[in-house]
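S.K.: Got a structure here, written out as structure tokens. Questions coming.
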Amino acid sequence: MFIEIPAADGTAEALIARPTTGEGPFPGVIFYMDAFGLRPRIQEMAQRIADWGYVVLAPNVFYREGTAAELAPAGDMSTTEGREAAGAAAFPRVGRLTSDKALPDIDAWLRDLRDLDGVADGPVGVTGYCMGARLAVRTATAHPEAVAACGGFHGGGLATDEPDSPHLALGDARARFVFGHADHDRSMGPDAVARLGEALDAAGLKASNEVYDGAPHGYSMADTSAFHPEATERHFRELRELLDSTLKA
């Protein structure tokens, strides 16, 4: 189900997934997509999370660049060549979504999640993939009073030398964090993983900061050549435990 919501610089689409069974209200979760945008795979993942007992909002964070349909990959990403071709269009959009644009949008996503019918009062969770992991961390650090759980999977650029690197604001967070890093990831190498871990420890946060052995960047995306079934299922197990322990306890 798509809805339209007011964002910082216009109207954005968002996927909404609700539990197929059970009576609400249910805790809310924001799902931050990867660079390839809103598409059936994101709907599948959001629905799986929803069926654990959550209302999930997955916004088109690239709404300034076009609608979900306009930005959707045109070709088959199940081959390396197809994924690279899709990335040629998608990856520049990631660089243009700077923190000064992302933070006002985050305020809107959180507001609109809370306004949805059937969303329980109380804390929410966030989860993000690829560049969406950065947005998940920024949400947890910008809204510590609201975000109790933050997952980040095959994320890139979480701990850099830039002055607005997401890890630098972890001292403001109160959430529990779970990170499942891709193995040999050029966008999140061993030094960056260690730096992120040090920041989590310094902030006194409860966190898991693990590298999934053998899992490539993008491992959870079943519509791409990077898909790694074992790492994907591990991520779902760890994400569910995170959400259930923080939002349903």
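The values are calculated or read from the model by the stated rules, or taken from the named source; none is laboratory data. Bear in mind that the values here come from a model prediction, so they are computed numbers and not experimental data. Heads up, the Cβs are rebuilt from the backbone with ideal geometry, glycines too, and the neighbour counts pull from every protein chain shown. SASA here: full protein model, heavy atoms, side chains in, ligands and nucleic acids out. Shrake-Rupley method; radii C 1.70, N 1.55, O 1.52, S 1.80 Å.
S.K.: Considering only residues that are touching a strand residue (DSSP E or B) at 6+ places or on another chain (Cβ under 9 Å), of a type in the set (A, V, I, L, M) and in a helix (DSSP H, G or I), which ones fall in segment 85-134?
M.R.: Within segment 85-134, Ile106, Ala108, Leu110, Leu113, Met131, Ala133 meet the criteria.
S.K.: Out of Asp223, Asp172, which single residue is open to solvent by 60 Å² or more (accessible area, probe 1.4 Å) and either in contact with a helix residue (DSSP H, G or I) (Cβ under 8 Å, 6 or more places away or on another chain) or hydroxyl-bearing (Ser, Thr, Tyr) (or both)?
M.R.: After ruling out the rest, the residue left standing is Asp172.
S.K.: Only one residue in Ser225, Ser208 is of a type in the set (Ser, Thr, Tyr) and more than 17 Å from the chain's Cα centre (by Cα), so which one is that? Steps first, answer last, please.
M.R.: Details: Ser208 fails: more than 17 Å from the chain's Cα centre (by Cα).
On inspection, the qualifying residue turns out to be Ser225.
S.K.: Scan segment 146-161 residue by residue and report those that are more than 16 Å from Ala194 (Cα to Cα), surrounded by fewer than 24 Cβ atoms within 10 Å (Cβ to Cβ) and without any contact (Cβ under 8 Å) to a residue 60 or more places away in the chain.
M.R.: The initial filter retains those residues of segment 146-161 that are more than 16 Å from Ala194 (Cα to Cα), namely 146-151.
Keeping just the survivors that are surrounded by fewer than 24 Cβ atoms within 10 Å (Cβ to Cβ) gives 146, 148.
Answer for segment 146-161, where residues must be more than 16 Å from Ala194 (Cα to Cα), surrounded by fewer than 24 Cβ atoms within 10 Å (Cβ to Cβ) and without any contact (Cβ under 8 Å) to a residue 60 or more places away in the chain: just Ala146.
S.K.: To continue, here is another question. Within segment 112-131, identify whether any single residue is more than 18 Å from the chain's Cα centre (by Cα) and under 18 Å from Gln43 (Cα atoms), and answer yes or no.
M.R.: Yes, the conditions are met somewhere in segment 112-131.
S.K.: Go through (1) surrounded by fewer than 21 Cβ atoms within 10 Å (Cβ to Cβ); (2) under 24 Å from Ala102 (Cα atoms) and name the single condition Leu243 misses.
M.R.: Status for Leu243: all satisfied but (1).
S.K.: Something else about it: Could you give every pair whose Cβ atoms fall below 8 Å, whose first residue belongs to segment 8-34 and is surrounded by fewer than 22 Cβ atoms within 10 Å (Cβ to Cβ), and whose second residue is of a type in the set (Ser, Thr, Tyr), counting only separations of at least 6 or pairs across chains?
M.R.: Short answer, once both residue conditions are applied: Asp9/Tyr63; Gly10/Tyr63; Thr11/Tyr63; Glu13/Tyr63; Glu13/Thr67; Pro19/Tyr54; Phe26/Tyr54.
S.K.: Within segment 198-210, work out how many residues are within 30 Å of Thr80 (Cβ to Cβ) and either open to solvent by less than 30 Å² (accessible area, probe 1.4 Å) or touching a helix residue (DSSP H, G or I) at 6+ places or on another chain (Cβ under 6 Å) (or both).
M.R.: 1
S.K.: Do you know which of the residues in segment 162-201 that are part of a helix (DSSP H, G or I) and within 11 Å of Ala140 (Cβ to Cβ) is nearest to the chain's Cα centre (by Cα)?
M.R.: Only one residue tops the list, namely Pro166.
S.K.: May I ask you to list the residues in segment 70-81 that are in a helix (DSSP H, G or I) and under 16 Å from Arg41 (Cα atoms)?
M.R.: Leu71
S.K.: Still on this structure: Give segment 83-110 a look and list any residue that's among the charged types (D, E, K, R), open to solvent by 70 Å² or more (accessible area, probe 1.4 Å) and within 17 Å of the chain's Cα centre (by Cα), or say none. If you could, list the steps in order and put the result at the bottom.
M.R.: From segment 83-110, those among the charged types (D, E, K, R) are 83-84, 93, 96, 100-101, 105, 107; that's our starting set.
Going one step further and asking which of them are open to solvent by 70 Å² or more (accessible area, probe 1.4 Å), we end up with 84, 96, 100-101, 107.
Once the filter is applied, which keeps residues that are among the charged types (D, E, K, R), open to solvent by 70 Å² or more (accessible area, probe 1.4 Å) and within 17 Å of the chain's Cα centre (by Cα), segment 83-110 yields Lys101, Asp107.
S.K.: Conditions: (1) more than 29 Å from Glu238 (Cα to Cα); (2) part of a loop (DSSP other than H, G, I, E, B); (3) open to solvent by less than 30 Å² (accessible area, probe 1.4 Å); (4) in contact (Cβ under 8 Å) with a residue 12 or more places away in the chain. Gly37 meets all but one. Number of the miss?
M.R.: Evaluating Gly37 over (1) more than 29 Å from Glu238 (Cα to Cα); (2) part of a loop (DSSP other than H, G, I, E, B); (3) open to solvent by less than 30 Å² (accessible area, probe 1.4 Å); (4) in contact (Cβ under 8 Å) with a residue 12 or more places away in the chain leaves (1) as the failure.
S.K.: Might you let me know whether segment 182-189 holds any residue that is polar (S, T, N, Q), open to solvent by 50 Å² or more (accessible area, probe 1.4 Å) and modelled with pLDDT of 95 or more?
M.R.: Yes, segment 182-189 has at least one match.
S.K.: Need the failing condition index for His228 against (1) buried (at least 21 other Cβ atoms within 10 Å of the Cβ); (2) in contact (Cβ under 8 Å) with a residue 60 or more places away in the chain, just the number.
M.R.: (2)
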